[in-house]
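A quick write-up on the structure given underneath.
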Amino acid sequence: MRRLLPFAIAVLVLGFALLPVHAAEAPKPAGTKNPPPGTSVEMPILLAPMTEGGNLTSYAYISRIIVATSPSAAIDVRAKVPFIQDADVREVNGASIADNNSPDQVDKAALAARLLATARRVVGPGKVAEVRFTEIKVSPMRPPGEQPPSP
């Protein structure tokens, strides 16, 4: 009996150590379901300028994942991550990502469509299902109310 006690304690400690792993997962927004296992590819953070009237107003820090159509397609996406990132940087610097009605907000639907088209162009047809944003933070260039310097 005394020989089994250390083993039983070790099993209990290990069991309790593994419990918080599932509890620490971030909550998902309502209405979104998880992509199938092995199909999501986390992308590096994308830094995108936001302009209004041709003037730089803020930067958006965009965290996103690309959902592949299958686990084997996810392997192809992972192999092309640097090329996708390069194409995405060019895309967000080519045209503003700001919402027309609210220039301090990102037009998420339009940006997702643009980034999806870029990923599909780089990886190839039939391999990318969608682009999902995990977090978008907008950092203004100036405090609210401060005017840009005159030329």
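Nothing in this text is a laboratory measurement; each read-out follows from the coordinates by a stated rule. As the structure is a prediction and not an experimental result, all values here were calculated from the model. Cβ placement follows ideal geometry from the backbone for every residue including glycine, while neighbour counts extend to all protein chains displayed.
A few notes on this one:
- Length gained on full extension, Arg142 to Asn93: 15.7 nm, using 0.36 nm per residue less the C-alpha separation.
- Per-bin percent of Cα-Cα distances, region 40-140 [10 Å]: 16, 50, 25, 8, 0
- Pair Asn55, Gln85: separation of 7 Å Cα→Cβ label points (nm): 3.3
- The Cβ shell under 12 Å around Ile97 holds other residues with a net charge of -4, Lys and Arg each +1, Asp and Glu each -1.
- Close amide-amide hydrogen proximity is noted between Val128 and Thr69, each under 5 Å apart and 5 or more residues distant or on a separate chain (H modeled in the peptide plane; Pro and chain starts excluded).
- Net charge, Asp86 excluded, C-beta distance under 13 Å - Lys, Arg +1, Asp, Glu -1: +1
- Stretch gain in nm, segment Thr134-Asn101, where the contour uses 0.36 nm per residue and the Cα spacing is subtracted: 9.6 nm
- Extension gain for the segment Ala117 to Ser70, taken as residue separation times 0.36 nm less the Cα-Cα distance, is 15.1 nm to one decimal.
- Near Val41: Cβ cut-off under 10 Å, other residues only, Lys/Arg at +1 and Asp/Glu at -1. The net charge is +1.
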